[in-house]
Amino acid sequence: MSILVTGGAGFIGGNFILDWLEAHDEPVVNLDKLTYAGNLQTLASVAERPNYHFVHGDIADRSLLATVLQRYQPRAVVNFAAESHVDRSIHGPADFIQTNVVGTFNLLESVRQYWLAQSAAQQQDFRFLHISTDEIYGSLLPEAPAFREDHPCQPNSPYSASKAASDHLVRAWHHTYGLPVLTTNCSNNYGPYHFPEKLIPLMILQALDKKPLPVYGDGQQIRDWLYVRDHCSALRRVLEAGRIGDTYNVGGWNEQTNLSVVQRICALLDELQPRADGISYSTQITSVKDRPGHDRRYAIDAHKLESELGWVPAETFASGLRKTVQWYLANTQWVQGVTSGNYRLWMEQHYHA
Ligand code: NAD
Ligand code: TYD
């Protein structure tokens, strides 16, 4: 028995594999294209384990997928592989359509062929777990109830539209072909090994570099933050006990404005690594031009996951954010590895830094 993880060299997939191998002996095969967001350093501690296998490849490559599925005979596929950054999707949507839509389609077709060739018992036990986002639901008004699983799908960015398309494909492959799928829609994650183009790690590193902390627009946009290891525990639970064909929202019950997130990061840095001049990092906060089409508010209602599968997050935002800031302070080598090359180019293009 083994599981196939796609996109396991990224932020959430990497944390998922590290967690999995801490808790299980069951082998993991990690298939990843190693885009700018994929980083094998994240998995250095497990790279030599006999129950970890890495395959460099694309989820759109059907002949590679057929070979990998035949060779490793996974009992489940956990699909993290995606282009994941909203701002990049605005600058260049083509990669998002290619991986998130065409790639998911090719993966589903390859997995379906593999699944069809299995015995009836194996077919019944097989799972295709698709990892998606709350961003497919669109933006909420300030007083509106949090997203439930039956909320209309109203994506607003090229990223969220491509993820919504992938969710629809996954749903259709279940209804039409009977593939035993599960889908999760999670809120914004944060934690170790997060590529520093996203809000939380970007702000930590910009602050330490004595650079401006670029808050888009008025900074009053709301996101619902979940510590990445809590997302991973939810995914393990859904894989284990989720109802086939269902979707599960995953969230931390933790709505924060962007400005308050950045202020909390500054306060933690003031405590853990104060500036030499004694001035607060919060003086580096700068308002910059807003993101086009910026969704105002996301909020997740995770009652279904809690009541049906008994999952609750272990971290509060205070404990998770402290762990995250401490991790970035302690892991400068990992940070150096990811902030060269493509990262610098992105910072120059997007922030004119
Ligand atoms: P990430 O950008 O950090 O990692 C994506 C990984 O996928 C990288 O390792 C990359 O090399 C790989 N990849 C990209 N294209 C590929 C392809 N064609 N074939 C194989 N591998 C490919 O993303 P993440 O933040 O870890 O997100 C993982 C998944 O979770 C995504 O599907 C994303 O939509 C979803 N999600 C993310 C968040 C979040 O806050 N980060 C929240 C909810 C859901
Ligand atoms: P991000 O981490 O890119 O996640 P997403 O857009 O998928 O929610 O951004 C989180 C929020 O932070 C979002 O409202 C945009 C905002 N943001 C900034 O204000 N400044 C930045 O430099 C970045 C990257 C994001």
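The values are calculated or read from the model by the stated rules, or taken from the named source; none is laboratory data. Note that the structure is predicted; figures quoted are calculated from it, not measured. Here Cβ is always computed from backbone atoms with ideal geometry, including for glycine, and neighbour counts include all displayed protein chains. To get the accessible areas, we keep the full protein, side chains included, count just its heavy atoms, and leave off ligands, DNA and RNA. Shrake-Rupley method; radii C 1.70, N 1.55, O 1.52, S 1.80 Å.
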message: What number comes out for accessible area per residue over segment 157-196 if the probe is 1.4 Å? Units Å², please.
response: 28 Å²
message: Taking the alpha-carbon distance from Lys323 and a cut-off under 28 Å, which lysines remain once sequence neighbours fewer than 8 residues away in the same chain are dropped?
response: Lys198, Lys210, Lys211, Lys304
field: the chain: most fluctuating residue of Arg275, Arg236, Arg127 per GNM, C-alpha cutoff 10 Å
entry: Arg275
- prompt: Counting alpha carbon pairs within less than 8 Å and at least 6 residues apart, what relative contact order, in whole percent, applies to segment 41-168?
  reply: 31 percent
message: If I take every Cα pair under 8 Å that is 6 or more residues apart in the chain, average their sequence separation and divide by the length, what percent do I get for the relative contact order?
response: 17 percent
task: Mind pulling the angle between the C-alpha long axis of helix 11-23 and the longest principal axis of the chain? Nearest 10 degrees, somewhere in 0 to 90.
output: 60 degrees
message: Once the cut-off is 18 Å, how many percent of the Cα-Cα pairs in segment 210-331 end up in the long-distance tail?
response: 61 percent
query: Counting only heavy atoms of protein chains, what accessible area per residue, in Å², does segment 233-326 have with a probe of 1.4 Å?
result: 47 Å²
query: Can you give the relative contact order of segment 211-319 as a percent, counting alpha carbon pairs under 8 Å and 6+ residues apart?
result: 48 percent
Positive minus negative residues near Leu141 (Lys, Arg vs Asp, Glu; Cβ under 11 Å): +1
query: Each residue of segment 217-226 in turn: what ³J(HN,Hα) in whole Hz from Karplus with 6.51, -1.76, 1.60 and θ = phi - 60°, glycine and Pro shown as x?
result: x, 8, x, 9, 5, 10, 10, 10, 9, 10
Accessible-area composition of segment 218-344, carbon plus sulfur, in percent [1.4 Å probe]: 49 percent
task: Using only the Cα atoms of segment 1-131, build the gyration tensor, take square roots of its eigenvalues as a ≥ b ≥ c, and label the shape rounded, prolate or oblate: rounded if a/c is under 1.5, else prolate if a/b is larger than b/c, else oblate.
output: oblate
message: Around Thr99, under 9 Å between beta carbons, what's the net of Lys plus Arg minus Asp minus Glu among the other residues?
response: -2
query: Which angle from 0 to 90°, rounded to the nearest 10, does the C-alpha axis of helix 342-351 make with the longest principal axis of the chain?
result: 50 degrees
task: Pop the C-beta distance of Ala121 and Leu40 into the FRET formula with R0 = 56 Å and round what comes out to the nearest 0.05.
output: 0.95
- request: Provide Rg and Dmax in Å for segment 78-232, with only Cα atoms included in the calculation.
  value: 17.7, 60
statement: For Ile59, the net charge from surrounding residues (Cβ-Cβ under 12 Å; K, R +1; D, E -1) works out to -3
message: When 1/r is averaged over all different Cα pairs and the result inverted, which Kirkwood radius in Å belongs to the chain?
response: 20.7 Å
- request: Report, in degrees rounded to the nearest 10, the 0 to 90 angle that the Cα long axis of helix 258-272 makes with the longest principal axis of the chain.
  value: 70 degrees
statement: Note to self: C-alpha centroids of segment 82-138 and segment 159-210 sit apart, in Å, by 11 Å
